[in-house]
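First the structure, in the form of structure tokens, and then the observations on it.
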Amino acid sequence: RRVHGGVGMLLVWLCVVGLGLFFPHPDNTHHSLGVAKQYEIKAKQRREAVLHAKHSPIFDFENEIPKLLSQRLHRQFTDLEGSVVDLRHVQTDYSRELLDAVRSDPLIPHEPVDFKGKSFDIPLHETHSHLVASDEVTPGISINEYKERRDRLVENLEVGSIVIVLSAPKILRSGDTEYEYQQFVDFSYLCGINEPNLILVIKKSQGHPSKSTSHLFINHLSSSRFVSDTINPDVALKLGLDQATFLNADGEVVLTNTLETSPGSILCNCESSPTLHKILKHVHPGKAFVEFGAMVQRLRLYKSPAEIALLTQTFEISANAHNWAMRLTRPGLHEAHIRAVVSFFLEKEYSHFAYPPIIASGPHGQVLHYHSDNDILRNGEMILMDVGGLRFGYNADITRSWPVSCKFTDAQREIYNVVLKAQEATWDLAKKWASESVTLDDLHNEAVSVISNELAKLRFPPEASSYFTHGVGHSLGMDVHDCHSASSPVLREGFVFTIEPGLYLPEDDQKIPSKYRGIHIRIEDDCIATNGDVICPSMKAVRTIEQIESICGSTK
């Protein structure tokens, strides 16, 4: 029996092995495709997901992450009622849970990928097809659109004129540590390349006066495994530039000849580089050099459909972050915890803070640019949060104000409604841009008028509009306060701007009825003049009292 039993077990084992040879496990088959093939499959999945929901968040963690985060916080805050507690031991636990959730996402490739020996930090289609289409330089902006921008810049210049555009330098923060690199916006607008040590020369074509030619000079000062300057002539040509040259000895000859033989005007951002200004003065003694910044800002002021699509996505992602900050609000949290929540919901969508965030609770709301974020959320106080994302070069700028308790007091409700009415009236006036001339000054005057009238009903002094301490709006785009050289621009197709009335009522101001003192409220939305109307995608962040109270503190 023992012999027969052993032979039987051997036959079973051989059958299992044989079946495995004919029907390999799907996981093993998938692994045999190789890491590069796996990445190709995952990249295709991601592209399909992005195309399926062009304006929706790329990753859907919203049913998992808030639960992880809120469950952890709820265990710590169920009985705080505004008391102070040390949360440092909490953060490590739920941070680990968030990281585990991200790592488990099936669309994120975690394996190292070999791209035939090429590794670009610049997101090209061949290496970052999940971000950049085959005809794009940067996500959402095509090669042709960048060329059109350069053509429009030289359109009204004399034939042979050249524009010299320097990229931003790296800036040392301390010791050998640099600040995160930030490109000059005008350079980004004209070519989309986010690297230092570059000179872009745009020349008005003599054969085709409505066209321009572009030449990128690449000045890599050093090479190091710690430095990632990846632009090279081949990559520059893929990005739609006509010529590209390393600024070595031969390249310097080419650049000098270009400058010396220019028969027309020379425009430059010379204020960015005194050295360049000296060189130009030496090459062309006695010739005037014109700053082109105002010219580029006039081009940037009214956005293209592609820019509006990118801005809309950024507005909606930022609005979603505001909603989650409200959902997770409860007494005892720190301002820094609200900042961390907002940062997560921006970062997961390839966005980060467009400017230092303002999460101001209680009396800090009176400080327009409060950045400490180190106080505690207390019952009875308001939170004023001014946060926007920067995504693929385009900014959002949104402000919401809500009570820590998630229920407005009568006094908070009255002041909030004054600000909300001012915003609604300003928005209504903005919508008339297609039939009459409307400027940002007109919008500001409308907001001041409404605030003055509404505060008078609450028995404020006649000069009460002075508690509205800033303008009602500004242009918005690649800069947060975009195209600053254009004073009070006229609303027209493609104009993107904010509407942000506010009231800041000091605690110690005896002229203010006592129940309103210490209340600080701003409501800010990002709006687009388009198709004869004004739309505000940022209004996906709830803003009426009823909406706020319905979601505030709702994630338990």
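The values are calculated or read from the model by the stated rules, or taken from the named source; none is laboratory data. If you're wondering where the values come from, they're calculated on a predicted model, not measured in any experiment. Cβ atoms come from the backbone with ideal geometry, glycine included; neighbour counts cover every protein chain shown. Protein only, heavy atoms only, side chains kept; ligands, DNA and RNA dropped before computing areas. Shrake-Rupley method; radii C 1.70, N 1.55, O 1.52, S 1.80 Å.
See the values below:
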read-out: Integer Hz, Karplus 6.51/-1.76/1.60 couplings in order for segment 423-429, x for Gly and Pro; value: 5, 4, 5, 5, 5, 4, 5
read-out: Accessible area (Å², 1.4 Å probe, nearest 10) - Lys348; value: 20 Å²
read-out: Debye log10 I(q)/I(0) for segment 414-484, one point scatterer per Cα, at q = 0.22, 0.26, 0.28 Å⁻¹; value: -0.97, -1.16, -1.24
read-out: Cα pair distances in segment 366-443, grouped into 10 Å bins until the bin that holds the longest one, percent each; value: 14, 32, 34, 17, 3
read-out: Heavy-atom SASA rank of Arg400, Arg459 (probe 1.4 Å, accessible area, largest first); value: Arg459, Arg400
read-out: Under-5 Å amide H pairs with Ala244, H placed in peptide plane, nonlocal only; value: Leu216
read-out: Protein accessible area in segment 275-418, 1.4 Å probe - carbon and sulfur %; value: 58 percent
read-out: Mean separation of Cα contacts under 8 Å (6+ apart) over length of segment 309-467, as relative contact order %; value: 20 percent
read-out: Solvent-accessible surface ranking, highest first, for His444, His130 at 1.4 angstrom; value: His444, His130
read-out: Built amide H within the under 5 Å cut-off of Ser161, gap 5+; value: Lys204, Gly264, Ser265
read-out: Inter-centroid distance (Cα atoms) of segment 492-520 relative to segment 390-418, Å; value: 11 Å
read-out: Phi-based couplings in Hz for segment 525-542 (Karplus 6.51, -1.76, 1.60; Gly and Pro marked x); value: 10, 9, 10, 10, 7, 7, 6, x, 9, 10, 10, 10, x, 5, 6, 5, 7, 4
read-out: Cα gyration tensor, segment 128-219 - rounded (a/c under 1.5), prolate or oblate; value: oblate
read-out: Dimensionless Rg ratio for segment 383-509, taking C-alpha atoms and the 2.2 N^0.38 Å reference; value: 1.14
read-out: Exposure rank, largest accessible area first [Lys147, Lys303, Lys540; 1.4 Å]; value: Lys540, Lys147, Lys303
read-out: Above-threshold pairs, the threshold being 19 Å between Cα atoms, out of Lys147/Lys238; Lys170/Lys348; Lys515/Lys540; Lys170/Lys203; Lys407/Lys457; Lys147/Lys303; value: Lys170/Lys348; Lys515/Lys540; Lys170/Lys203; Lys407/Lys457
read-out: Most to least packed among 304-317, 252-265 [average Cβ atoms within 10 Å]; value: 304-317, 252-265
read-out: Residues with amide H under 5 Å from that of Phe495, placed H, sequence gap 5 or more; value: Lys303, Ala529
read-out: Per-selection Kirkwood Rh - segment 282-378 (Cα, Å, 1 d.p.); value: 16.7 Å
read-out: From phi via Karplus (6.51, -1.76, 1.60), per-residue ³J(HN,Hα) for segment 203-214 in Hz, x at Gly/Pro; value: 10, 6, 5, 7, x, 10, x, 8, 10, 10, 10, 10
